[in-house]
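Asker: Pasting a structure here, questions to come.
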Amino acid sequence: MSCARLAAMASTLAIVVALSGCGGSAPKSDMPPLPASASAPVTYERDLHSWAQPQVARVKHVDLDLVADFVAKTLSGTATLDVTGQPGATEVVLDVRNLEIRSVADTGGDALPFLLGADDPIRGQALTVTVPAFAADTVQKIVVTYSTRPDAAALQWLTPAQTAGGRQPFLFSQGQAILTRTWVPTQDSPGIRQTWSARITVPEALTAVMSAEMLTPDGEDADEATHSYRFRMTNPVPPYLIALAVGDLAFAPVGEGVGVWTEPGRLEAARTEFSEMRQLVDAAEALYGPYGWGRYDLLILPPSFPFGGMENPRLTFATPTVIAGDKSLVSLVAHELAHSWSGNLVTNATWADFWLNEGFTTYFENRIMEAVYGRDRALMLQVLGWGELQDELAALPALDTRLHLDLEGRDPDDGLTSIAYEKGAAFLRTIERRVGRERFDAWMKGYFERNAFRPMNAAGFLVDIRAHLIGADDPALERELQLDTWVYQPGLPSNAVAPVSGALTAVDTAAEAFFADRGPASAIPWSGWSTQERQQFLAWRPDGRGTGRDWLSNPQLADLESTLNLRAEGNAEVLFGWLQIAVAHRYQPAVPTLERFLTSQGRRKFVLPLFTSLWAEGDWGRPLATRIYARARPGYHPVTTGSVDDVVGGPGLAASGS
Ligand code: BES
Ligand code: ZN
């Protein structure tokens, strides 16, 4: 059957079609290609968060030619899209949000009629372009001339003062989940993979890097006082993985095919912190097959980067708070690296199955950590994750504790909870434990091979695991695993097993003693503890987990703060743990430390819970939150302000606070 015919059949929801295999040439890269994967069925599923109609016409390639203007805070130029369509189709629907569309034309310069649809607060607008009728197996090019707006949600334009070096401005993008449409007009759905290329023109003093092969490492001269960088990504990727950063950037190799990019002043610290990156890549490949993207580099961003890390292909973006000075937070790199398989090769078809990206990655991350740093370290990380999972299960409405989510009418950000990560990973560990590691690993490796460069959803995952791991001849196994319960029901199924770490059990004992006021802080063996043990100590709560408060007296808090030297704590995870305790107790002496933390970095995982806890502390916390947020907000990325605005002061402050 022809691709067009298949596509035509797929116009209703959830018809199983090998859509993504249509019209696509085998992915090329500068590394050996991954094994072919023609056999796996792909379920086409409508993406609630995209206006695109890929069953009618789909973007196959995006070519960007953009100039970065740091004064106007805009990227402007063209996006040239290669589009295929059903024979006879005359409409191509793209996703845009907050873009200035100047014109739409064919490559001959003839205007193409277009219509901008109603602006949906979550999805943005449909940009519907009318084109000459598609013929079978032909590609049409659409040239969109446009400019981003200074408040594009994916982009943050930093002043020199907001960088480490303090002399040059900085720009970076964050596409996941549905923000790419605020700087690239394309079909912004994770199920619509596109190859891409770009030319980015920037001021002479700055360097542009992207999540792609860098074709011009030294840049090429362009108009007055600017130069251009060209890039190409020959593997088809979901658009949320198109990423750009521009700044005063330097590179240091760390090993063969791996290195770090960051501002020159941080380069040495970054190189040292991540000196084990090559081992991480080797371990990942030994587990689940060849790394398919060529180089693996890390970009350390300025402190306003809203996430810990972002798995942009070939170039993970990361927060500088991961540079702890003692390599204690490298599991974050293991995590983003693991996404090179789970997420970037096999991609959640829609954000309802975000757990397929993050749960697999959290599992895989832990296997990398075990391979490189040993079982004890890996178990500690599992236990910390399990604790987060318990907190989340207690805090969320039951329906949000399912792996496969219903996101109708919701922002995909709502699915960004520990459930996807930790319940997802616990699910895979449950299967691993029951079938044995050898069998499990063989399945997982095959899963990545069979489904490489394809979208995946919950139903497709269940088909794959039943076909390739469980089989039809072992009904006891099928019953015991409770696969459907894990995927579709709230909470934790009865076969979930809590991980146990001897080291962290000892920490719990020490925490219990201290928190029950059975000894001074000097009795805590803090200096002998790893970061993970310290995190566990600070996450301890008298009522199990959760957000207990008033269980420590002021003298105890003061003893803890001074004995553990928490005012000078340099590890962001440890500091965060302490500040959560301090805020829950309205412990005034920690406020300067809190204020410094909230104004010196903008990672949402730290910032949002702290403002939420402050806000929960009524008369004490709200004025503090309001005052600190007014200072901190101008430095945060739109991803972070978008969340914190909902907590602090409501829309009033949000409107006036920027
Ligand atoms: N892909 C995520 C970040 C993300 C998720 C961005 C959803 C936008 C929407 C990334 O891989 C991630 O999970 N980062 C974590 C760190 C990780 C070690 C758990 C983070 O940023 O905290
Ligand atoms: Zn992740």
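Throughout, read-outs are computed from the coordinates displayed, never taken from laboratory work. Treat the numbers as computed from the prediction; the structure is a model and nothing was measured. Virtual Cβ from ideal backbone geometry, glycine too; neighbours counted across all protein chains shown.
Asker: Assign one of three labels to the range 232-316, namely rounded, prolate or oblate, based on the Cα gyration tensor with a ≥ b ≥ c the square roots of its eigenvalues; rounded applies when a/c is under 1.5, prolate when it is not and a/b is larger than b/c, and oblate otherwise.
Answerer: oblate
Asker: So how do 398-407, 464-473, 340-349 stack up, highest first, on mean other-Cβ count within 10 Å?
Answerer: Top to bottom by mean Cβ count within 10 Å: 340-349, 398-407, 464-473.
Asker: So, R0 is 22 Å and r is the distance between the beta-carbons of E224 and A72; what FRET efficiency does that work out to, to 0.05?
Answerer: 0.90
Asker: Under 26 Å Cα to Cα from K445, which lysines show up? Leave out anything in the same chain fewer than 8 places away.
Answerer: Result set, ordered by chain and number: K28, K423.
Asker: Exposure proxy check: S613, S173, S562 ranked by fewest other beta carbons within 10 Å?
Answerer: In increasing order of surrounding Cβ atoms, one gets S562, S613, S173.
Asker: Loop-only chymotrypsin sites (Phe, Trp or Tyr not before Pro) in the range 486-565, please: DSSP not H, G, I, E or B, and at most 10 other Cβ atoms within 10 Å.
Answerer: Sites meeting the loop and neighbour criteria: none at all.
Asker: Answer rounded, prolate or oblate for the range 378-459, using the Cα gyration tensor with square roots of eigenvalues a ≥ b ≥ c: rounded when a/c is under 1.5, else prolate when a/b is larger than b/c, else oblate. Kindly include the intermediate steps, with their values, before the conclusion.
Answerer: Numbers: a/c = 2.51, a/b = 1.25, b/c = 2.01.
Oblate is the answer for the range 378-459, as a/c is 1.5 or above yet b/c matches or exceeds a/b.
Asker: With charges only on Cβ, +1 for K and R and -1 for D and E, what is the dipole size of the range 453-498 about its Cα centre, in debye, rounded to 20?
Answerer: Around 180 debye, computed over the range 453-498.
Asker: If you don't mind, another one. Given a cut-off of under 8 Å on Cα pairs at least six residues apart, what relative contact order in percent is computed for the range 525-622?
Answerer: 25 percent
Asker: Compute the long axis of helix 618-632 from its Cα atoms, compare it with the longest principal axis of the Cα atoms of the chain, and write down the angle in degrees, 0 to 90, nearest 10.
Answerer: Here the helix axis deviates by roughly 50 degrees.
Asker: Could I have the simple spin-label model distance between T505 and R433, label points 7 Å from Cα toward Cβ, reported in nm to one decimal?
Answerer: Using points 7 Å along Cα→Cβ, the separation is 1.4 nm.
Asker: A follow-up question, please. Can you tell me the relative contact order of the range 124-248? Whole percent, Cα pairs under 8 Å, sequence separation 6 or more.
Answerer: Numbers: 208 pairs, mean separation 33.4, N = 125.
Relative contact order here is 27 percent.
Asker: Okay, moving on. When I122, I300 are ordered from fewest to most other Cβ atoms inside 10 Å of their Cβ, what list results?
Answerer: I122, I300
Asker: Classify the range 109-244 as rounded, prolate or oblate from the Cα gyration tensor: take a ≥ b ≥ c as the square roots of its eigenvalues, call it rounded if a/c is under 1.5, otherwise prolate when a/b beats b/c and oblate if not.
Answerer: Taking the square roots of the gyration eigenvalues as a ≥ b ≥ c, the range 109-244 is prolate.
Asker: Among F448, L241, F172, whose Cα sits farthest toward the positive end of the charge dipole of the chain (+1 at Cβ of Lys/Arg, -1 at Cβ of Asp/Glu, about the Cα centre)?
Answerer: F448
Asker: Quick one: 3J(HN,Hα) in Hz for the range 481-486, Karplus 6.51/-1.76/1.60 with θ = phi - 60°, rounded, Gly and Pro as x.
Answerer: Couplings: 6, 6, 4, 5, 4, 4 Hz.
Asker: So between H468 and W620, what do we pick up on full extension, going 0.36 nm a residue minus the alpha carbon distance? Write down the numbers at each step before the final one.
Answerer: Working: separation 152, 0.36 × 152 = 54.72 nm, distance 5.66 nm.
49.1 nm is the gain from fully extending H468 to W620.
Asker: Another one. Using only Cα atoms, find the angle between the long axis of helix 604-616 and the longest principal axis of the chain, and express it within 0 to 90 degrees, rounded to the nearest 10.
Answerer: It is inclined by approximately 50 degrees.
Asker: Students often check this: by mean Cβ neighbours within 10 Å, which of 309-317, 83-91 ranks highest, and how do the rest follow?
Answerer: Details: 309-317: 24.9, 83-91: 18.7.
Order by mean packing, descending: 309-317, 83-91.
Asker: Using mean Cβ contacts within 10 Å as the protection proxy, how do 184-196, 600-612 order, highest first?
Answerer: So the peptides 184-196, 600-612, ranked by packing, come out 184-196, 600-612.
Asker: In whole Hz, what ³J(HN,Hα) sequence does the range 568-580 give by Karplus (6.51, -1.76, 1.60; θ = phi - 60°), x for Gly and Pro?
Answerer: My calculation for the range 568-580 gives 9, 4, x, 8, 4, 5, 5, 4, 4, x, 5, 5, 4 Hz in order.
Asker: Compute the signed sum of charges (Lys and Arg +1, Asp and Glu -1) over the other residues within less than 9 Å, Cβ to Cβ, of Q194. Can you show the working numbers first?
Answerer: On the way: positive: R58, K60, R193; negative: D82.
Result for the local shell: +2.
Asker: Is there a quick way to get the dipole size of the chain? I mean about its Cα centre, with the Cβ of Lys and Arg at +1 and of Asp and Glu at -1; what is the value in debye to the nearest 20? Please list the in-between numbers first.
Answerer: Details: 54 positive and 76 negative charges, 42 e Å.
The calculated dipole for the chain is roughly 200 debye.
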